[in-house]
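Trainee: Take a look at the following structure, please.
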Amino acid sequence: KLGQLGDPRAISPLVDQAVINSVTQTITPTGWRDNDLEVGRAALRALGDIGDPSAARPLVEAVLRDKVHDNLDTLGQTLARIGENEAIGLLTAKIMSGNHEYSDYDPHKEDGVMTKKEIQDRISDKCAQILVFAGDKGIDILIAALQDQTARYRVALVLEYSGTPPMDRLIGLMNNDDMYLRLLVISILSGMARRGIERKRVLSVLEEAQ
């Protein structure tokens, strides 16, 4: 209700709830704690209702610290509603640079250890997943990243497995002068067709490209 009323006092507690409850489990001094992803989604929606730009940066910084693993779609929608350019810029910078130095431990991995490269890739992928849902601005960034030699392959995977791929924008890249980019887009569209995402339209586009 605080979110609907636009009460700024709600921002800090809502950010805390959004972060804590956007990962299925967290480790506490007394052991593992099960979290409620729906509570995290509700907190994110409330922050979008308030629309205060000050909420955006701590949410994104939690992602960059590898503290958020779920609710990425709702987070993207919240950032789009808030319209905070600096926070979206942080996501973009991480996709393009991938430089971070965080703990190598991940309890979800079989041997409990991740390399820094694996952590880098995971965080970059999450940033891209958020941007898929961050409106036109997020899609613009991802399309630009597809044309970057460093970022393009991981961004392509995120787009391929997205439930809401920017079809028109991807198809538009089929006329790009960059042959490797065209091949990458064909790979994305082929993967989507295999999973039944706009299958008829994708197959028609691929046939025309032959």
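Trainee: Conditions: (1) touching a residue at least 40 places away in the same chain (Cβ under 8 Å); (2) assigned to a helix (DSSP H, G or I). Residue 150 meets all but one. Number of the miss?
Mentor: Residue 150 satisfies all of (1) touching a residue at least 40 places away in the same chain (Cβ under 8 Å); (2) assigned to a helix (DSSP H, G or I) except (2).
Trainee: Okay, next question. Can you tell me which residues in the stretch 51-60 are surrounded by fewer than 21 Cβ atoms within 10 Å (Cβ to Cβ) and either on the phi > 0 side of the Ramachandran plot or of a type in the set (A, V, I, L, M, F, W, C) (or both)?
Mentor: Result: 51, single match.
Trainee: Take residue 167 and tell me if it is among the hydrophobic types (A, V, I, L, M, F, W, C) and out of contact with any helix residue (DSSP H, G or I) (no Cβ under 9 Å at 6 or more places or on another chain).
Mentor: Taking the combined requirement at face value, the residue does not satisfy it.
Trainee: Okay, next question. Is it the case that the stretch 25-40 has a residue that's open to solvent by 20 Å² or more (accessible area, probe 1.4 Å) and touching a Leu at 6+ places or on another chain (Cβ under 9 Å)?
Mentor: Scanning the stretch 25-40, I find no residue that is open to solvent by 20 Å² or more (accessible area, probe 1.4 Å) and touching a Leu at 6+ places or on another chain (Cβ under 9 Å), so the answer is no.
Trainee: Considering only residues that are in contact (Cβ under 8 Å) with a residue 12 or more places away in the chain and either outside any helix (DSSP H, G or I) or small (Gly, Ala, Ser) (or both), look in the stretch 177-194 and name the one that is farthest from residue 76 (Cα to Cα).
Mentor: Filtering first and then ranking leaves 178.
Trainee: I'd like to check something: does the stretch 161-183 contain any residue that is farther than 20 Å from residue 64 by Cα, in contact with an Asp or Glu (Cβ under 7 Å, 6 or more places away or on another chain) and open to solvent by less than 80 Å² (accessible area, probe 1.4 Å)?
Mentor: yes
Trainee: Counting only residues that are open to solvent by 20 Å² or more (accessible area, probe 1.4 Å) and within 18 Å of the chain's Cα centre (by Cα), how many does the stretch 9-24 have?
Mentor: 3
Trainee: Are any residues in the stretch 196-210 without any contact (Cβ under 8 Å) to a residue 24 or more places away in the chain and outside any helix (DSSP H, G or I), and if so, which ones?
Mentor: 196, 210
Trainee: Within the stretch 78-96, take every residue that is more than 26 Å from residue 153 (Cβ to Cβ) and of a type outside the set (D, E, K, R) and give me the one that is surrounded by the most Cβ atoms within 10 Å (Cβ to Cβ).
Mentor: Ranking the qualifying residues of the stretch 78-96, first place goes to 78.
Trainee: Take the stretch 99-139 and flag every residue that is open to solvent by 90 Å² or more (accessible area, probe 1.4 Å), at pLDDT below 65 and more than 18 Å from residue 71 (Cα to Cα).
Mentor: Those that are open to solvent by 90 Å² or more (accessible area, probe 1.4 Å), at pLDDT below 65 and more than 18 Å from residue 71 (Cα to Cα): 99, 101, 105, 110, 111.
The values are calculated or read from the model by the stated rules, or taken from the named source; none is laboratory data. In this text, all values refer to a predicted model and were calculated from it rather than measured experimentally. Neighbour counts run over all protein chains shown; Cβ positions are idealised from the backbone, glycine included. Only protein heavy atoms, including side chains, enter the accessible area calculation; ligands, DNA and RNA are left aside. Shrake-Rupley method; radii C 1.70, N 1.55, O 1.52, S 1.80 Å.
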